[in-house]
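One structure below.
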Amino acid sequence: MRTLTAATALAVLFGSVVLAAVPASADASRPIAVSGPSDTVVDGVHQRLFFSDRYLDKIVVTDYAGRPVTTLTGLPQVRDLDLSPDSKTLYAAVYGADKIVAIDTATLKQTAEYPTGANTTPSRVAYADGKLWFGYGDQWESGLGSVDLTGETPTVTLDLAAGHDFATPPDLYADPDNPGTLLALDPGISSGPIVVYDISSGTPVIRVTENKGGFYHDAALTPDGQNVVVAGPGNRALTEYRLSDLQQVRTFPVASEPETVSVAPDGTVAATVLDTDDLGDTYVFSTDPARPASVRNMSHNWMLWGGHATNWSADGGKLFLLTEGGDNDSSTFNVVDEPRKYATTLKADTPATATRAKSLTVKGSLKATLALPAGTPLTVVRTDMESPNGKSLGTRPLGTGGAFSFTDTPPAGGKVKYTVTYAGDASHTPATASDTVEVSRATPTLTLNNNGKVYSYGADVKFTAHLGSTYKNRKVEIWADPYGSDKPNTLVKSGNVDSSGNLSVTLDLKRDATVTVKFAGDARYGSRSVASKVGARVSVSTAVGKYYTTRSVYGHTYYYFHQSTDPVFTTTMTAYPGRKQRLQMQAYSQGSWATTGTQYFTLSSSGKSQVTVTGTPPKNVRFRVRDSYINGSSGDTVNSTTDGAWKYFLFTG
């Protein structure tokens, strides 16, 4: 499997650690369509990489940037890959089809296939001395075989282990600079040895063998083919051995279990480790054992295991790595352009808040596994409202132990960012870090009149915003937001205030509204907004119908009806969807008016409502009615409560 269930669970447990980890430092990365990477081969002649995908039965071919070139399909459970010494042919062990195939690296077409026998399931392959040596089988049924390519007809020979009983198919390595030598690792058991075969006669003979702890994850020969660097077994075991006697030559200290390894043409060793704590997963070791490793963190996931995923470019200038992808159908291809340089980690830290025109301190650190000397220059840029493109503050020296600090007096308030940059040198990569401090600004005086007032429908109301002292910005905006979802908040005026600090706008009020004045702030005064909530009544009138006369009595105009006539009251009110008017009727009795009935009536789309009063009313009793809009009760809340004028009437015989 690509990942283990336990690994996934631990990744969740370590989630907080992952979030706080150092960012990945790859110079470039891109997804590639490889789900189950088993092996990677670099073709320096054609500037290509070949990735075998054992899950999706294919070999993916890309250029050095990871851009796809082609995909070779129909290769069931393809595993190990190897290039011929002249880079003209790629050999692939096709586990699920019991064969090894040959692919022309120029045309990317299959040119030959070599069946290895039914149920042999070849999984490892190495070209040496005119033969394809392959590891095959499963567990204790594993063995070493070869395909002789020197004759007119290729011949396959099995059971060439020369007396060693492999517990798993052997990992095989050979180098044309050390002919007659084949290296085999028995990786699947703790007692599995490293075996060096002499193949100069064509038949393998064990030259030297020794148990180095088994469970080998990966290995790579040195450029002359005389030594091997082995990843594993166990935790923190990355070791170089001589092939002549399998004696230890060098150990490479790593912080966790090594997974893959590759050796550059100049002998520089690159390795990846499991890195469950997300502290650094990729190590590059100089040929000088006295120099520390350069450590990078290429992925916040555990590194890929179960396949060879780390390679140098043919000239040794770049480092290629596969890491976990974003989904199960892809991996991430990473390119490090200057792998021999020590990766630097730069951090900058400002206080969360500060006072404008007062001194503040910026602290930080610049770290690398090869420590930088005190006095290393760091450039500093301050970005603020006064200098939105940044203002250079010159250089500041690195202190002892990789720490630095400096003071600055910010002239502007608001968000102030300090960016610290290390340019890099012949041994170290460049780095940049920044942090932001919120610098105080004065609160400006800002007012807007008319708050809480209620106006007649359609009134022209003058709103005046007043802005007090500021630094440079004298511009304000006035926004009007009428009630109702159909009317958006709208900028109604924008401009600089006058010499008295005022900016006015006249609005035609037909609905309740929130009017807001906004000041964006400047380098010394903060932003601010002030709102006034104002009301607008509805337009309402009542027409009386079917009366026979009017008279001015009791201080009002009365409408007279015959007792046999039903009065009609027609209301006209500002229209709004779903709006209702409230009709209230009162009678005069014993010196005061008393409500005899209240009812809501739905208005038409044009704002009309006609109500007929039926029944046999008493004669010579004084009545009155009025129509009202009640905010909320009339079906909406876009206007302020409005009472219409009373209409007075009475009935005669």
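In table form, for the structure just shown:
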read-out: Qualifying positions in the range 350-408 - in contact (Cβ under 8 Å) with a residue 60 or more places away in the chain and assigned to a loop (DSSP other than H, G, I, E, B); value: Thr350, Pro351, Ala352, Thr355, Arg356, Ala368, Thr369, Leu370, Asp384, Met385, Glu386
read-out: Selected residue [surrounded by 13 or more Cβ atoms within 10 Å (Cβ to Cβ), more than 22 Å from Leu372 (Cα to Cα) and at pLDDT 95 or above] from Ala403, Ala442; value: Ala442
read-out: Residue within the range 179-195 that is under 17 Å from Val228 (Cα atoms), surrounded by fewer than 19 Cβ atoms within 10 Å (Cβ to Cβ) and among the acidic types (Asp, Glu) present; value: no
read-out: Filter result for Ser532 (touching a residue at least 60 places away in the same chain (Cβ under 8 Å), assigned to a strand (DSSP E or B) and in the same structural domain as Val476 (by TED's automatic domain parsing)); value: yes
read-out: Tally of residues being in contact with a Pro (Cβ under 7 Å, 6 or more places away or on another chain) and under 30 Å from Gly413 (Cβ atoms) across the range 344-372; value: 4
read-out: Candidates Asp281, Asp337, Asp384 - the one that is in contact with a Lys or Arg (Cβ under 8 Å, 6 or more places away or on another chain), under 20 Å from Val42 (Cα atoms) and charged (D, E, K, R); value: Asp337
read-out: Matching entry among Asp329, Asp315, Asp266, Asp288 (being assigned to a loop (DSSP other than H, G, I, E, B), under 21 Å from Gly66 (Cα atoms), acidic (Asp, Glu) and over 34 Å from the mean Cα position of the chain (by Cα)); value: Asp315
read-out: Selected residue [modelled with pLDDT under 95, out of contact with any strand residue (DSSP E or B) (no Cβ under 7 Å at 6 or more places or on another chain), not aromatic (Phe, Trp, Tyr) and not assigned by TED's automatic domain parsing to the domain that holds Tyr576] from Ser499, Ser485; value: Ser485
read-out: Test: residue in the range 61-69 that is assigned to a strand (DSSP E or B), under 26 Å from Ser146 (Cβ atoms) and in contact with a strand residue (DSSP E or B) (Cβ under 7 Å, 6 or more places away or on another chain); value: no
read-out: Options Thr565, Thr616, Thr570, Thr557: the member that is of a type in the set (Val, Ile, Thr), out of contact with any Lys or Arg (no Cβ under 9 Å at 6 or more places or on another chain) and not assigned by TED's automatic domain parsing to the domain that holds Tyr455; value: Thr616
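Table: residues versus (1) in a strand (DSSP E or B); (2) at pLDDT 95 or above; (3) farther than 24 Å from Ser38 by Cβ.
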{"position": "Leu144", "(1), (2), (3)": "yes, yes, no"}
{"position": "Ala161", "(1), (2), (3)": "no, yes, no"}
{"position": "Leu172", "(1), (2), (3)": "yes, yes, no"}
{"position": "Leu182", "(1), (2), (3)": "yes, yes, no"}
{"position": "Ser200", "(1), (2), (3)": "no, yes, yes"}
{"position": "Thr203", "(1), (2), (3)": "no, yes, yes"}
{"position": "Ala220", "(1), (2), (3)": "yes, yes, no"}
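The values are calculated or read from the model by the stated rules, or taken from the named source; none is laboratory data. On a predicted model such as this, the values are computed, not experimentally measured, just so you know. With ideal geometry, Cβ positions are generated from the backbone for all residues, glycine too; neighbour counts draw on all protein chains shown.
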